[in-house]
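J.: Below you'll find the structure I mean.
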Amino acid sequence: MREALPLGGRLMGLDVGTKTIGVALCDAQWMIASPAELIRRAKFSADLAKLTEIAAKQAVAGIVVGLPLNLDGSESPRTQSTRAFARNLAPLQLPVLLWDERWSTQAVTRTLIEADASRARRADLVDKMAAGYILQGAIDALAMGN
């Protein structure tokens with residue numbers, strides 16, 4: 001898994017939805033992932049342009065894309081759509097790692113509910129926080145050598 005990414009440098013985590021893309025970034029030492037922004041999906045070319053802008057501005061060295069597997073680990077049409085999205089990131093010329101995102105949205109939603117965030121506020125935050133959750137899980141596993 002580690003071979004898919006560079007040995008250091010900032011990583012960008014993506015939670016790819018049908019309407020939005022949650023974006024998170026981590027530091028170059030892969031210690032802490034932080035939610036960064038929410039991209040409202042448009043045509044893929046516009047999405048790619050925004051991701052290219054973020055990657056260049058933040059000196060991103062690799063990308064972690066959340067892979068939405070079914071609870072039993074099997075794939076769904078949504079999984080295939082995300083795989084296609086990841087393949088279409090090729091123009092960025094960055095290594096891409098697909099990371100199991102099961103439970104990320106539920107975990108983040110639970111945290112926001114516990115923080116008493118309103119439904120509207122949760123809707124604004126959940127995707128970029130899920131991207132942070134996905135990216136943190138990946139960098140934690142990579143740091144342990146998995």
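J.: Which of the peptides 26-34, 72-80, 124-132, 12-20 is most tightly packed, and how do the rest follow, going by the mean number of other Cβ atoms within 10 Å of each residue?
T.: Ranking, from highest mean packing down: 124-132, 12-20, 26-34, 72-80.
J.: With an 8 Å Cα cut-off and a minimum separation of 6 or more residues, compute the relative contact order for region 1-93 in percent. Each step should come with its number before you reach the end.
T.: Numbers: 125 pairs, mean separation 25.4, N = 93.
Normalised by residue count, the contact order of region 1-93 is 27 percent.
J.: What aspartates and glutamates could a cross-link reach from LYS57, if we take a straight Cα to Cα line under 20 Å and drop same-chain neighbours fewer than 8 places away?
T.: ASP15, ASP27, GLU37, ASP47
J.: For the chain, what does the equivalent ellipsoid look like in terms of its semi-axes, each the square root of 5 times an eigenvalue of the Cα gyration tensor, given largest first in whole Å? Display every interim value, and only then the final one.
T.: Values: eigenvalues 89, 62, 54 Å².
Listed largest to smallest, the semi-axes of the chain are 21, 18, 16 Å.
J.: Based on DSSP H runs of at least 4 residues, each adding -39500 (n - 2.57), what is the mean residue ellipticity at 222 nm of the chain after dividing by all its residues, to the nearest 500 deg cm²/dmol?
T.: Helix-only estimate at 222 nm: -13500 deg cm²/dmol.
J.: Grab the beta carbon distance between SER45 and ILE113, set R0 = 41 Å, and tell me the FRET efficiency rounded to 0.05.
T.: Approximately 0.70, to the nearest 0.05.
J.: Quick one: accessible surface of GLU114, probe radius 1.4 Å, all protein chains present, in square angstrom to the nearest 10.
T.: 140 Å²
The values are calculated or read from the model by the stated rules, or taken from the named source; none is laboratory data. No experiment lies behind these values; they were computed from the predicted model shown. Ideal geometry is used to build each Cβ from the backbone, glycine not excepted, and the neighbour counts take in all protein chains shown. Calculation scope for accessible area: heavy atoms of the full protein, side chains included, ligands and nucleic acids excluded. Shrake-Rupley method; radii C 1.70, N 1.55, O 1.52, S 1.80 Å.
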